[in-house]
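Worksheet for the structure shown next.
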Amino acid sequence: MESAAVILPRLLGGESCALVSDAGMPAISDPGEELVRLCGEHGITVSAAPGPSAVITALAMSGLPTQRFTFEGFLSTSNKSRKEHLETLRHEHRTIVLYEAPHKLLTTLKDMLSVLGDRKIVLARELTKKFEEYRRTTLSQAIEYYEETPPKGEFVLILSGADPEELKQEYLAALPDAEELLRKYSAEGMRAKELTRRVADELKQPRREIYDLYLKIKDTF
């Protein structure tokens with residue numbers, strides 16, 4: 001596909017164009033996103049004729065909750081960035097949908113297991129094609145399977161959200177340490193925003209919860 005910067009001047013000159021994809025929905029984790037953005041910024045009318053969407057197709061067939069979900073696209077190829085992205089999803093209650101390439105699948109599954117714990121996952125591949133497959137399993141079992149069976153085809157990963165009750169118990173268990181660290185960093189002169197961020201990151205708890213705890217106990221410092 002020509003770059004959006006090349007197409008834009010032609011559109012501004014009065015030409016029309018159609019954005020068509022040979023796989024999936026144009027502009028969803030697709031370079032067409034940039035063209036749509038530029039058109040919006042320059043007042044060019046864009047309309048959509050809905051086509052196939054791997055996100056919605058896989059979600060609908062997954063059997064996991066569909067009332068609320070978050071689409072996270074492709075994870076970074078950088079180990080550090082990928083794990084940081086997954087950390088932001090530790091307390092996400094909604095069903096999580098991602099894309100992944102076969103050569104990165106095992107690494108991604110292992111990072112998911114390490115950061116998020118052993119959750120239910122549906123691995124959908126080759127959607128609407130001859131070798132379409134939905135594998136409904138858990139992260140640990142998926143890792144075992146794909147270590148023995150090299151993955152092929154493009155994948156959509158549908159992952160169950162965090163269990164609210166488990167998160168509550170995890171937070172309650174972390175409370176004593178959170179209070180101790182809040183008092184410690186406050187005594188060192190840290191401001192509220194900085195110390196709540198640091199404690200939340202160290203204990204892998206939501207910053208909102210740690211800040212609320214700080215507000216409850218700050219007068220006792």
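Accessible area per residue was computed with a 1.4 Å probe on protein heavy atoms; His93 scores about 100 Å². Residues whose amide H falls under 5 Å from that of Glu133, counting only those 5 or more places apart or on a different chain, are Arg125, with hydrogens built in the peptide plane.
Could you tell me the relative contact order of segment 67-177? Use alpha-carbon pairs under 8 Å, at least six residues apart, and round to a whole percent. Write out the running numbers ahead of the final one.
Details: 157 pairs, mean separation 35.1, N = 111.
32 percent.
Short to long, the 5 Å bins of the Cα pair-distance histogram for segment 1-89 hold 3, 10, 18, 16, 17, 15, 11, 7, 3, 0 percent of all pairs.
Accessible surface for segment 1-152, divided over its residues, is 60 Å² per residue with a 1.4 Å probe.
Normalised size of segment 104-221, defined as Cα radius of gyration per 2.2 N^0.38 Å with N residues, equals 1.50. For the chain, the dipole from Cβ point charges (+1 on Lys and Arg, -1 on Asp and Glu) about the Cα centre works out to 280 debye, to the nearest 20.
For Thr138, the amide hydrogen comes within under 5 Å of the amide hydrogens of Ile121, counting only partners 5 or more places away or on other chains and with H modelled in the peptide plane. For Lys120, a cut-off of 12 angstrom between C-alpha atoms picks up these aspartates and glutamates, skipping any fewer than 8 places away in its own chain: Asp163.
If you place +1 on the Cβ of every Lys and Arg, -1 on the Cβ of every Asp and Glu, and leave all else neutral, what size is the dipole of segment 110-174 about its Cα centre, to the nearest 20 Debye?
Values: 10 positive and 13 negative charges, 60 e Å.
The calculation lands at about 280 debye.
Rolled with a 1.4 Å probe across the full set of protein chains, the surface gives His85 an accessible area near 50 Å². Where the alpha-carbon atoms of segment 167-219 are placed on the principal axes, they occupy 30, 19, 15 Å, in descending order. Surface composition of segment 1-75: carbon and sulfur make up 57 percent of the accessible area, probe 1.4 Å.
Dimensions of the chain based on its C-alpha atoms, expressed as ranges along the principal axes with the largest first, amount to 67, 48, 31 Å.
The values are calculated or read from the model by the stated rules, or taken from the named source; none is laboratory data. Note that this is a predicted model, so its numbers are computed, not measured. Here the Cβ is made from the backbone with ideal geometry for all residues, glycine too, and neighbour counts use every protein chain on show. Side chains included, ligands, DNA and RNA excluded: accessible areas come from the protein's heavy atoms. Shrake-Rupley method; radii C 1.70, N 1.55, O 1.52, S 1.80 Å.
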